[in-house]
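To start, the structure itself, in structure tokens.
The values are calculated or read from the model by the stated rules, or taken from the named source; none is laboratory data. The structure presented is a predicted model; accordingly, all values stated were derived computationally and were not measured. Note that each Cβ is placed from the backbone with ideal geometry, even for glycine, and that neighbours are counted across all protein chains shown. In case anyone asks, the SASA skips ligands and DNA or RNA and just uses the protein heavy atoms, side chains included. Shrake-Rupley method; radii C 1.70, N 1.55, O 1.52, S 1.80 Å.
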Amino acid sequence: MSGTALTLGTLPGGLIALPGVYRPQADTRLLAHALAQEDVGPGTEVLEIGTGTGALALDAARRRARVTAVDVSWPAVLTARLNALRQRLPVRVVHGDFAARSAGRRFDLVVSNPPYVPAPDVLLPSRGPERAWDAGPDGRGVIDRICESAPALLRPGGVLLLVHSRMCGVQETVDRLTGAGMAADVTARASVPWGPVLCSRRSWLARVGLAAEAEEREELVVIRAR
């Protein structure tokens with residue numbers, strides 16, 4: 001076979017990841033724990049926004065939910081499709097903007113680990129692995145859109161599970177969801193060491209007041225809205 005071979009990284013749980021695809025980390029695990037607490041079973045309609053490797057979508061599919069997973073990254077879409085195929089789980093994985101690809105549909109559960117890392121650039125990246133984490137100067141470039149769209153995405157009694165960093169403004173997320181008519185609370189927290197991306201932005205984060213110069217740990221939260 002001619003051409004350049006792609007290197008597939010093997011992850012815990014038998015998942016694979018094409019180059020440039022966000023690999024499950026502490027935020028994924030925290031959200032997976034929250035997902036495990038939800039009443040998911042046959043017939044539950046689930047939407048995952050920003051699926052990456054498909055780890056969370058596959059968790060829901062194992063519980064026989066009907067799962068749609070969406071991502072703006074083609075490598076992520078292909079990765080999630082490969083993982084679903086390898087694990088013989090029925091997940092519909094689509095490429096594009098979540099609002100456009102879910103228009104006219106409602107779900108029992110929406111799950112998202114969106115980009116939330118504050119970045120100096122106002123414009124969100126349109127290509128490259130940074131699309132999985134860079135989210136504008138306040139880290140809310142995607143979070144705010146999810147908060148705005150959530151009521152229209154959910155059926156009556158439906159649930160949104162959203163994970164992000166404290167740097168993005170936890171109370172702002174709760175307030176936005178509450179203002180949209182939802183009951184929202186922080187249901188899980190975790191403190192994790194700063195990763196390479198945050199470390200590379202330490203001076204800028206301190207300068208704009210998002211973190212202390214000596215800060216070394218990041219608080220992650222899961223917000224549940226109904």
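Odds and ends about this structure:
- Calculated [222 nm] ellipticity per residue, helices only, for the chain: -8500 deg cm²/dmol; basis is -39500 (n - 2.57) per DSSP H run with n ≥ 4, divided by all residues, nearest 500.
- Percent carbon-and-sulfur accessible area, the chain, ignoring ligands, DNA and RNA, probe 1.4 Å: 54
- Counting only Cα atoms, the chain measures 52, 48, 28 Å along its principal axes, largest extent leading.
- Looking at the stretch 73-226, the accessible area is 49 square angstrom per residue; that uses a 1.4 Å probe and ignores ligands, DNA and RNA.
- Distance between modelled label sites at V192 and E148, nm, 7 Å Cα→Cβ extension: 2.7
- Ellipsoid semi-axes in whole angstrom, largest first, where each is sqrt(5λ) of the Cα gyration tensor of the stretch 34-120: 20, 15, 13
- Taking Cβ atoms as reference points and 15 Å as the exclusive limit, the residues near T44 contribute a net charge of +3, counting Lys and Arg as +1 and Asp and Glu as -1.
- Sorted largest first by accessible area at a 1.4 angstrom probe radius, with every protein chain in place, the residues E38, E48, E148 fall in the order E148, E38, E48.
- Cβ-based charge dipole, the stretch 91-180, positive-most Cα from P118, A152, V91: V91
- The residues neighbouring P125, those whose beta-carbon lies less than 11 Å from its own, together hold a net charge of -1 under the Lys/Arg +1, Asp/Glu -1 convention.
- Spin-label model distance (nm) - L123 vs I16, 7 Å beyond Cα toward Cβ: 3.4
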